[in-house]
Amino acid sequence: MKTAYKLLGNTGVKVSPLCMGTMTFGKEADEAASRAIFNRCREAGINFFDCANVYAGGRSEEILGSLIQGCRDELVITSKVFGRVGTDVNAGGASRRHIMASVEQSLRRLKTDRIDIYFLHHFDHEADLEDSLRALDDLVGQGKILYPAASNFAAWQIMKARAISRSEGWSPLRCIEPMYNLVKRQAEVEILPMAAAENLAVIPYNPLAGGVLTGKYLQDTPPAAGRLLVDSQYQQRYADPRIAETVKKFVQFAQENGYRPASLAVAWVSHHPAVTAPILGARSTEQLEDSLQSLEIDMTPELYRQVSELSVAPPLATDR
(Lines give C-alpha, C1' and ligand atoms only; values in the text may rest on other atoms or scores of the structure.)
Protein backbone atom coordinates (compact mmCIF):
# COMPACT_ATOMS: atom_id res chain seq x y z
CA MET A 1 0.00 0.00 0.00
CA LYS A 2 1.49 3.31 -1.10
CA THR A 3 1.21 5.98 1.59
CA ALA A 4 3.04 9.11 0.48
CA TYR A 5 2.12 11.68 3.10
CA LYS A 6 0.91 15.10 1.98
CA LEU A 7 1.10 18.55 3.50
CA LEU A 8 -2.08 19.82 5.12
CA GLY A 9 -2.24 23.13 3.27
CA ASN A 10 0.44 25.45 4.64
CA THR A 11 0.33 24.14 8.22
CA GLY A 12 3.49 22.05 7.86
CA VAL A 13 1.52 19.05 9.17
CA LYS A 14 1.75 15.85 7.14
CA VAL A 15 -1.27 13.63 6.66
CA SER A 16 -2.01 10.41 4.82
CA PRO A 17 -3.51 10.78 1.32
CA LEU A 18 -6.71 9.21 2.61
CA CYS A 19 -8.68 10.34 5.66
CA MET A 20 -10.91 7.88 7.51
CA GLY A 21 -14.36 9.22 8.27
CA THR A 22 -15.91 7.91 11.47
CA MET A 23 -19.57 8.74 10.88
CA THR A 24 -20.37 5.00 10.92
CA PHE A 25 -18.69 4.43 14.30
CA GLY A 26 -21.37 3.63 16.85
CA LYS A 27 -24.05 3.55 14.16
CA GLU A 28 -23.63 1.16 11.23
CA ALA A 29 -20.36 -0.09 12.74
CA ASP A 30 -20.45 -1.29 16.34
CA GLU A 31 -17.44 -1.01 18.64
CA ALA A 32 -15.82 -4.21 17.35
CA ALA A 33 -16.29 -3.24 13.70
CA SER A 34 -15.05 0.29 14.42
CA ARG A 35 -11.92 -1.08 16.07
CA ALA A 36 -11.27 -3.37 13.10
CA ILE A 37 -11.67 -0.44 10.67
CA PHE A 38 -9.36 1.74 12.78
CA ASN A 39 -6.70 -0.97 13.02
CA ARG A 40 -6.84 -1.65 9.27
CA CYS A 41 -6.40 2.06 8.59
CA ARG A 42 -3.40 2.26 10.87
CA GLU A 43 -1.94 -0.82 9.18
CA ALA A 44 -2.36 0.95 5.83
CA GLY A 45 -0.51 4.02 7.13
CA ILE A 46 -3.53 6.28 7.64
CA ASN A 47 -2.91 8.88 10.36
CA PHE A 48 -5.90 11.11 9.60
CA PHE A 49 -9.37 10.60 11.16
CA ASP A 50 -12.43 12.81 10.68
CA CYS A 51 -15.23 13.04 13.22
CA ALA A 52 -18.02 15.37 14.40
CA ASN A 53 -19.91 16.00 17.59
CA VAL A 54 -23.21 14.93 15.99
CA TYR A 55 -22.09 11.58 14.58
CA ALA A 56 -24.18 8.88 16.26
CA GLY A 57 -25.22 11.48 18.83
CA GLY A 58 -21.66 11.78 20.15
CA ARG A 59 -20.99 8.05 20.20
CA SER A 60 -18.58 8.24 17.25
CA GLU A 61 -16.34 10.62 19.20
CA GLU A 62 -16.46 8.33 22.23
CA ILE A 63 -15.42 5.27 20.22
CA LEU A 64 -12.70 7.17 18.35
CA GLY A 65 -11.47 8.54 21.67
CA SER A 66 -11.02 5.03 23.02
CA LEU A 67 -9.27 3.84 19.88
CA ILE A 68 -6.66 6.62 19.79
CA GLN A 69 -5.36 5.99 23.29
CA GLY A 70 -1.71 4.98 23.06
CA CYS A 71 -1.17 6.54 19.62
CA ARG A 72 -2.80 9.97 19.95
CA ASP A 73 0.38 11.90 19.17
CA GLU A 74 0.78 10.01 15.87
CA LEU A 75 -2.67 11.04 14.62
CA VAL A 76 -4.38 14.08 13.14
CA ILE A 77 -7.93 14.23 14.51
CA THR A 78 -10.79 16.45 13.39
CA SER A 79 -14.17 17.24 14.86
CA LYS A 80 -16.97 19.68 14.17
CA VAL A 81 -19.45 22.00 15.80
CA PHE A 82 -22.87 23.18 14.65
CA GLY A 83 -25.26 20.25 14.80
CA ARG A 84 -27.46 19.62 17.80
CA VAL A 85 -26.32 17.19 20.47
CA GLY A 86 -28.88 17.47 23.26
CA THR A 87 -32.31 18.99 23.68
CA ASP A 88 -31.42 22.43 24.99
CA VAL A 89 -32.59 25.27 22.79
CA ASN A 90 -29.00 26.57 22.47
CA ALA A 91 -27.36 23.18 21.88
CA GLY A 92 -26.68 23.89 18.21
CA GLY A 93 -25.36 26.43 15.74
CA ALA A 94 -22.10 28.39 15.61
CA SER A 95 -22.73 30.90 18.38
CA ARG A 96 -19.77 31.62 20.63
CA ARG A 97 -21.76 30.11 23.48
CA HIS A 98 -22.32 26.82 21.68
CA ILE A 99 -18.78 26.59 20.28
CA MET A 100 -17.18 27.04 23.71
CA ALA A 101 -19.48 24.45 25.30
CA SER A 102 -19.31 21.98 22.42
CA VAL A 103 -15.52 21.84 22.22
CA GLU A 104 -15.35 20.85 25.90
CA GLN A 105 -17.84 18.05 25.28
CA SER A 106 -15.90 16.83 22.24
CA LEU A 107 -12.61 16.87 24.13
CA ARG A 108 -14.16 14.73 26.87
CA ARG A 109 -15.63 12.25 24.41
CA LEU A 110 -12.39 12.06 22.42
CA LYS A 111 -10.34 11.70 25.62
CA THR A 112 -7.76 14.18 24.34
CA ASP A 113 -6.45 17.59 25.34
CA ARG A 114 -6.70 19.10 21.84
CA ILE A 115 -8.45 18.70 18.50
CA ASP A 116 -6.09 19.15 15.56
CA ILE A 117 -8.66 20.51 13.08
CA TYR A 118 -11.94 21.95 14.33
CA PHE A 119 -14.65 22.60 11.76
CA LEU A 120 -17.61 24.90 11.71
CA HIS A 121 -19.83 22.16 10.28
CA HIS A 122 -22.13 24.58 8.44
CA PHE A 123 -22.39 28.31 7.88
CA ASP A 124 -24.65 29.79 10.56
CA HIS A 125 -26.90 32.51 9.12
CA GLU A 126 -28.18 33.38 12.61
CA ALA A 127 -24.84 33.86 14.39
CA ASP A 128 -22.39 36.72 13.90
CA LEU A 129 -19.51 35.26 11.89
CA GLU A 130 -17.02 37.44 13.78
CA ASP A 131 -18.20 35.92 17.06
CA SER A 132 -17.71 32.40 15.67
CA LEU A 133 -14.23 33.18 14.37
CA ARG A 134 -13.18 34.93 17.57
CA ALA A 135 -14.29 31.87 19.53
CA LEU A 136 -12.17 29.62 17.32
CA ASP A 137 -9.18 31.93 17.72
CA ASP A 138 -9.62 31.90 21.50
CA LEU A 139 -9.63 28.10 21.43
CA VAL A 140 -6.41 28.14 19.41
CA GLY A 141 -4.91 30.43 22.06
CA GLN A 142 -6.02 28.03 24.78
CA GLY A 143 -4.49 25.07 22.92
CA LYS A 144 -7.82 23.23 22.74
CA ILE A 145 -7.86 23.31 18.94
CA LEU A 146 -4.90 23.78 16.61
CA TYR A 147 -6.41 24.82 13.28
CA PRO A 148 -9.85 26.35 12.55
CA ALA A 149 -11.68 24.92 9.55
CA ALA A 150 -14.99 25.02 7.69
CA SER A 151 -17.24 22.35 6.24
CA ASN A 152 -20.06 22.92 3.74
CA PHE A 153 -19.16 26.60 3.25
CA ALA A 154 -19.48 28.36 -0.10
CA ALA A 155 -16.30 29.87 -1.52
CA TRP A 156 -17.44 33.41 -0.70
CA GLN A 157 -18.18 32.40 2.90
CA ILE A 158 -14.71 30.91 3.28
CA MET A 159 -13.04 34.00 1.85
CA LYS A 160 -15.18 36.31 3.99
CA ALA A 161 -14.15 34.35 7.08
CA ARG A 162 -10.47 34.42 6.14
CA ALA A 163 -10.62 38.17 5.45
CA ILE A 164 -12.15 38.83 8.88
CA SER A 165 -9.56 36.68 10.64
CA ARG A 166 -6.73 38.27 8.69
CA SER A 167 -7.87 41.81 9.52
CA GLU A 168 -8.25 40.96 13.22
CA GLY A 169 -5.02 39.00 13.51
CA TRP A 170 -6.90 35.79 14.34
CA SER A 171 -5.98 32.27 13.31
CA PRO A 172 -7.65 31.79 9.89
CA LEU A 173 -9.46 28.82 8.41
CA ARG A 174 -6.80 26.35 7.27
CA CYS A 175 -8.82 23.42 5.97
CA ILE A 176 -12.15 22.97 4.20
CA GLU A 177 -14.47 19.99 3.76
CA PRO A 178 -16.73 20.16 0.70
CA MET A 179 -18.75 17.40 -0.94
CA TYR A 180 -17.01 16.19 -4.11
CA ASN A 181 -17.33 13.17 -6.36
CA LEU A 182 -17.77 12.27 -10.02
CA VAL A 183 -21.52 12.97 -9.99
CA LYS A 184 -21.38 16.04 -7.74
CA ARG A 185 -18.69 18.33 -9.19
CA GLN A 186 -19.93 21.76 -8.07
CA ALA A 187 -16.78 22.21 -5.97
CA GLU A 188 -14.78 22.52 -9.19
CA VAL A 189 -16.41 25.86 -10.02
CA GLU A 190 -15.08 28.03 -7.21
CA ILE A 191 -14.24 26.06 -4.05
CA LEU A 192 -11.33 23.99 -5.37
CA PRO A 193 -9.71 26.81 -7.41
CA MET A 194 -10.03 29.08 -4.36
CA ALA A 195 -8.43 26.45 -2.12
CA ALA A 196 -5.53 26.02 -4.52
CA ALA A 197 -4.99 29.79 -4.70
CA GLU A 198 -5.13 30.16 -0.90
CA ASN A 199 -3.13 26.98 -0.17
CA LEU A 200 -5.99 25.61 1.90
CA ALA A 201 -6.17 21.91 2.73
CA VAL A 202 -9.18 20.16 1.19
CA ILE A 203 -10.67 16.93 2.54
CA PRO A 204 -13.76 16.16 0.45
CA TYR A 205 -16.51 13.90 1.73
CA ASN A 206 -18.74 11.52 -0.25
CA PRO A 207 -16.07 10.43 -2.79
CA LEU A 208 -18.27 7.39 -3.50
CA ALA A 209 -21.46 9.47 -3.61
CA GLY A 210 -22.89 7.61 -0.64
CA GLY A 211 -22.04 4.28 -2.26
CA VAL A 212 -23.79 5.15 -5.53
CA LEU A 213 -20.54 5.00 -7.53
CA THR A 214 -19.89 1.41 -6.42
CA GLY A 215 -22.78 0.40 -8.67
CA LYS A 216 -24.55 -1.56 -5.95
CA TYR A 217 -27.81 0.33 -6.44
CA LEU A 218 -27.89 -0.63 -10.13
CA GLN A 219 -28.43 -4.30 -9.33
CA ASP A 220 -31.81 -5.93 -9.94
CA THR A 221 -31.84 -7.07 -6.32
CA PRO A 222 -31.38 -4.10 -3.95
CA PRO A 223 -28.48 -4.38 -1.47
CA ALA A 224 -29.30 -5.52 2.05
CA ALA A 225 -27.78 -2.35 3.51
CA GLY A 226 -26.85 1.06 2.19
CA ARG A 227 -27.15 4.74 3.00
CA LEU A 228 -29.64 5.40 0.21
CA LEU A 229 -32.00 2.82 1.66
CA VAL A 230 -32.39 4.58 5.01
CA ASP A 231 -31.28 8.21 4.64
CA SER A 232 -33.74 10.60 2.98
CA GLN A 233 -31.04 13.25 2.62
CA TYR A 234 -28.92 10.91 0.52
CA GLN A 235 -31.96 9.75 -1.44
CA GLN A 236 -32.70 13.34 -2.39
CA ARG A 237 -29.04 14.17 -3.03
CA TYR A 238 -28.58 11.42 -5.62
CA ALA A 239 -32.12 11.06 -6.99
CA ASP A 240 -31.49 12.72 -10.37
CA PRO A 241 -31.95 10.09 -13.16
CA ARG A 242 -28.94 11.60 -14.95
CA ILE A 243 -26.80 10.46 -12.01
CA ALA A 244 -27.88 6.86 -12.56
CA GLU A 245 -26.87 7.10 -16.23
CA THR A 246 -23.44 8.45 -15.27
CA VAL A 247 -23.00 5.67 -12.73
CA LYS A 248 -23.84 3.01 -15.31
CA LYS A 249 -21.21 4.39 -17.68
CA PHE A 250 -18.67 4.70 -14.87
CA VAL A 251 -19.17 1.16 -13.55
CA GLN A 252 -18.95 -0.28 -17.06
CA PHE A 253 -15.75 1.68 -17.75
CA ALA A 254 -14.19 0.54 -14.47
CA GLN A 255 -15.01 -3.11 -15.04
CA GLU A 256 -13.86 -3.09 -18.66
CA ASN A 257 -10.52 -1.62 -17.60
CA GLY A 258 -9.93 -3.92 -14.64
CA TYR A 259 -10.73 -1.54 -11.78
CA ARG A 260 -13.05 -1.86 -8.83
CA PRO A 261 -15.52 1.05 -9.17
CA ALA A 262 -14.99 2.21 -5.58
CA SER A 263 -11.21 2.23 -5.98
CA LEU A 264 -11.40 4.21 -9.21
CA ALA A 265 -13.92 6.71 -7.80
CA VAL A 266 -11.70 7.53 -4.80
CA ALA A 267 -8.58 7.69 -6.97
CA TRP A 268 -10.30 10.17 -9.31
CA VAL A 269 -11.17 12.51 -6.41
CA SER A 270 -7.66 12.17 -4.99
CA HIS A 271 -6.10 13.18 -8.29
CA HIS A 272 -7.52 16.71 -8.32
CA PRO A 273 -4.54 18.98 -7.57
CA ALA A 274 -6.42 20.91 -4.88
CA VAL A 275 -7.46 17.79 -2.93
CA THR A 276 -5.42 16.79 0.12
CA ALA A 277 -7.21 13.62 1.20
CA PRO A 278 -10.68 12.26 0.39
CA ILE A 279 -12.68 11.14 3.41
CA LEU A 280 -13.55 7.45 3.33
CA GLY A 281 -16.63 5.88 4.83
CA ALA A 282 -17.12 2.22 5.70
CA ARG A 283 -19.22 0.00 7.94
CA SER A 284 -16.73 -2.91 7.78
CA THR A 285 -13.13 -3.67 6.84
CA GLU A 286 -14.42 -5.55 3.79
CA GLN A 287 -16.12 -2.38 2.56
CA LEU A 288 -13.00 -0.35 3.34
CA GLU A 289 -10.61 -2.43 1.22
CA ASP A 290 -11.73 -1.13 -2.17
CA SER A 291 -11.20 2.46 -1.06
CA LEU A 292 -7.73 1.65 0.28
CA GLN A 293 -6.88 0.06 -3.07
CA SER A 294 -7.34 3.48 -4.69
CA LEU A 295 -3.75 4.19 -3.65
CA GLU A 296 -2.56 1.47 -6.04
CA ILE A 297 -4.14 3.03 -9.14
CA ASP A 298 -1.81 4.88 -11.47
CA MET A 299 -4.07 7.82 -12.32
CA THR A 300 -2.40 8.92 -15.55
CA PRO A 301 -3.56 12.11 -17.29
CA GLU A 302 -5.28 9.96 -19.91
CA LEU A 303 -7.14 7.84 -17.35
CA TYR A 304 -8.16 10.97 -15.46
CA ARG A 305 -9.49 12.51 -18.67
CA GLN A 306 -11.43 9.37 -19.57
CA VAL A 307 -13.10 9.14 -16.17
CA SER A 308 -13.84 12.87 -16.09
CA GLU A 309 -15.59 12.67 -19.45
CA LEU A 310 -18.08 10.15 -18.04
CA SER A 311 -19.88 12.99 -16.24
CA VAL A 312 -20.73 16.56 -17.11
CA ALA A 313 -18.24 19.11 -15.81
CA PRO A 314 -19.92 22.22 -14.37
CA PRO A 315 -19.39 25.49 -16.25
CA LEU A 316 -16.77 27.92 -15.05
CA ALA A 317 -17.82 30.64 -12.62
CA THR A 318 -17.22 33.12 -15.46
CA ASP A 319 -19.18 31.09 -18.02
CA ARG A 320 -20.99 33.26 -20.55
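Element breakdown for the chain at a 1.4 angstrom probe: carbon and sulfur atoms account for 48% of the accessible area. Spatially, the stretch 162-189 and the stretch 32-51 are offset by 26 Å when compared through their Cα centroids.
In terms of overall dimensions, the chain has a Cα radius of gyration and Dmax of 19.0, 57 angstrom. What aspartates and glutamates does residue 184 reach when the alpha-carbon gap must be under 14 Å and sequence neighbours fewer than 8 apart in one chain are set aside? Reachable aspartates and glutamates: 240, 245, 309. Take the Kirkwood radius over Cα pairs of the stretch 227-308, plug it into Stokes-Einstein at 37 °C and 0.692 mPa s, and you get 235 µm²/s for translational diffusion. Distance between the modelled labels on residue 104 and residue 30, one decimal in nanometres: 3.5 nm (7 Å Cα→Cβ projection). Net charge of the neighbourhood of residue 49, taken over other residues with C-beta under 12 Å away and scored Lys/Arg +1, Asp/Glu -1, is -2. Summed over qualifying helices (DSSP H, 4 residues or more, each -39500 (n - 2.57)) and divided by its residue number, the chain shows a 222 nm mean residue ellipticity of -11500 deg cm²/dmol.
For the stretch 38-112, the convex hull spanned by the alpha carbon atoms encloses 80 Å³ per residue. Solvent-accessible area per residue in the chain equals 45 Å², computed with a 1.4 angstrom probe and all protein chains kept.
The per residue volume of the convex hull around the alpha-carbon atoms of the stretch 166-296 is 140 Å³.
Hey, could you get me the Stokes-Einstein D for the stretch 88-162, Kirkwood radius over alpha-carbon pairs, 4 °C and 1.567 mPa s, rounded to whole µm² s⁻¹? For the chosen part, D equals 103 µm²/s.
Once you reduce the stretch 277-293 and the stretch 101-118 to the center of their Cα atoms, the two points are 25 Å from each other.
Here the stretch 38-193 has an Rg and Dmax of 15.5, 43 Å, counting Cα atoms alone. Distance between the modelled labels on residue 10 and residue 318, one decimal in nanometres: 2.3 nm (7 Å Cα→Cβ projection).
Over 26 Å between Cα atoms, which of 6/216; 111/160; 14/144 qualify? Where the Cα-Cα span goes over 26 Å, the pairs concerned are 6/216; 111/160.
The values are calculated or read from the model by the stated rules, or taken from the named source; none is laboratory data. Everything quoted here is computed from the prediction, not taken from an experiment. No Cβ is skipped: glycine too gets one built from the backbone with ideal geometry, and neighbour counts run over all protein chains shown. The protein model used for the area step is the full one, side chains on, heavy atoms only, and it has no ligands, DNA or RNA in it. Shrake-Rupley method; radii C 1.70, N 1.55, O 1.52, S 1.80 Å.
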